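The values are calculated or read from the model by the stated rules, or taken from the named source; none is laboratory data. Treat the numbers as computed from the prediction; the structure is a model and nothing was measured. Reconstructed Cβ throughout: ideal geometry from the backbone, glycine too, with neighbour counts over all protein chains shown.
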Ligand SMILES: NC(=O)c1ccc[n+]([C@@H]2O[C@H](COP(=O)([O-])OP(=O)(O)OC[C@H]3O[C@@H](n4cnc5c(N)ncnc54)[C@H](OP(=O)(O)O)[C@@H]3O)[C@@H](O)[C@H]2O)c1
């Protein structure tokens, strides 16, 4: 399909590309707009439809795969719709498909004031999880405005969160950690799973070997993933929209 782009979502990866860290991709991986044209074998979309989704590139007209596009829910602006696909699909995939979270479980969301972090917080609270969050101290008011009490907030730039959240939970720690940090932050986060649990790595800077993690931290399931694609992504979009 050809899409008249109205808004483009800017992601962490776009900044890395702009800074010269990744020459493999072009800027732009999601957005929203109006369907201009659809191939004869594309069913379900017609010119004029307001849609959002994931695709490559940013410009007045982009070519999109209809399997990676969904209608914009009524009442959403183009700008709102453009910010949703990448962060919410990543958070949804991590929490629902990989970690298979259950209501009442404790989850630690690192960098919770960032894009994926805020999406993960919204989904986790929506599903009834007990959510703990880290962020730079300058962003703690953002977390408070999302409903966090201070005993559920810690600094993302020091490893004090380990001691604080261990004490807050009486030593029980978390059931799930959603991580994008590295090195001693990952070690401290793994120690917050003393009863076992799921450690989901979103970042690319410090990927561990799942077998080594399991050997050092009995009962911990470690999983790092790349952005979900094709059928998984389409199914995730459908499930996410159905859960709204
Ligand atoms: N695997 C996947 O499919 C997938 C998909 C999308 C994103 N990701 C990854 O998920 C992570 C978050 O992405 P995002 O789109 O949510 O990015 P974002 O909105 O830019 O948030 C990134 C956060 O990282 C935190 N951070 C911690 N240490 C940092 C440091 N030394 N320098 C800069 N920021 C630091 C910052 O929060 P504080 O200032 O509060 O610390 C910032 O809010 C990234 O690592 C990204 O690559 C993975």
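Of the residues in region 37-63, how many are surrounded by 13 or more Cβ atoms within 10 Å (Cβ to Cβ) and modelled with pLDDT under 95?
The total comes to 6.
Within region 4-23, identify whether any single residue is away from the ligand (no atom under 14 Å from the Cβ), surrounded by 16 or more Cβ atoms within 10 Å (Cβ to Cβ) and over 20 Å from the mean Cα position of the chain (by Cα), and answer yes or no.
Checked region 4-23: at least one residue is away from the ligand (no atom under 14 Å from the Cβ), surrounded by 16 or more Cβ atoms within 10 Å (Cβ to Cβ) and over 20 Å from the mean Cα position of the chain (by Cα).
Among the candidates 173, 128, single out the residue that is in contact with a helix residue (DSSP H, G or I) (Cβ under 7 Å, 6 or more places away or on another chain), more than 13 Å from the ligand (Cβ to nearest atom), outside the structural domain of residue 12 (by TED's automatic domain parsing) and under 21 Å from residue 98 (Cα atoms).
Residue meeting the stated conditions: 173.
Filter region 48-66 down to residues that are over 21 Å from residue 14 (Cβ atoms) and either under 20 Å from the mean Cα position of the chain (by Cα) or part of a loop (DSSP other than H, G, I, E, B) (or both), then give me how many there are. Full working, then the answer.
Residues of region 48-66 that are over 21 Å from residue 14 (Cβ atoms), as a first pass: 48-50, 66.
Next, only the ones that are either under 20 Å from the mean Cα position of the chain (by Cα) or part of a loop (DSSP other than H, G, I, E, B) (or both) stay: 48-49.
Of the residues in that region, 2 qualify.
Being within 10 Å of the ligand (Cβ to nearest atom) and touching a residue at least 24 places away in the same chain (Cβ under 8 Å) is the filter; apply it to region 191-204 and report the residue that is nearest to residue 102 (Cα to Cα). Steps first, please.
Here is the first cut: in region 191-204, the residues within 10 Å of the ligand (Cβ to nearest atom) are 200-204.
From what is left, the residues that are touching a residue at least 24 places away in the same chain (Cβ under 8 Å) are 200-203.
On the way: 200: 15, 201: 19, 202: 20, 203: 23 Å.
The residue in question is 200.
Being within 16 Å of the ligand (Cβ to nearest atom) and surrounded by fewer than 22 Cβ atoms within 10 Å (Cβ to Cβ) narrows it down to one residue among 98, 107; which is it?
Numbers: 107 fails: surrounded by fewer than 22 Cβ atoms within 10 Å (Cβ to Cβ).
Of 98, 107, the one residue that is within 16 Å of the ligand (Cβ to nearest atom) and surrounded by fewer than 22 Cβ atoms within 10 Å (Cβ to Cβ) is 98.
I'd like to check something: does region 26-49 contain any residue that is closer than 20 Å to residue 82 by Cβ, within 16 Å of the ligand (Cβ to nearest atom) and free of Cβ contacts under 8 Å to residues at least 12 places away in the same chain?
no
What's the number of the only condition in (1) at pLDDT below 95; (2) within 15 Å of the ligand (Cβ to nearest atom) that residue 66 fails to meet?
(2)
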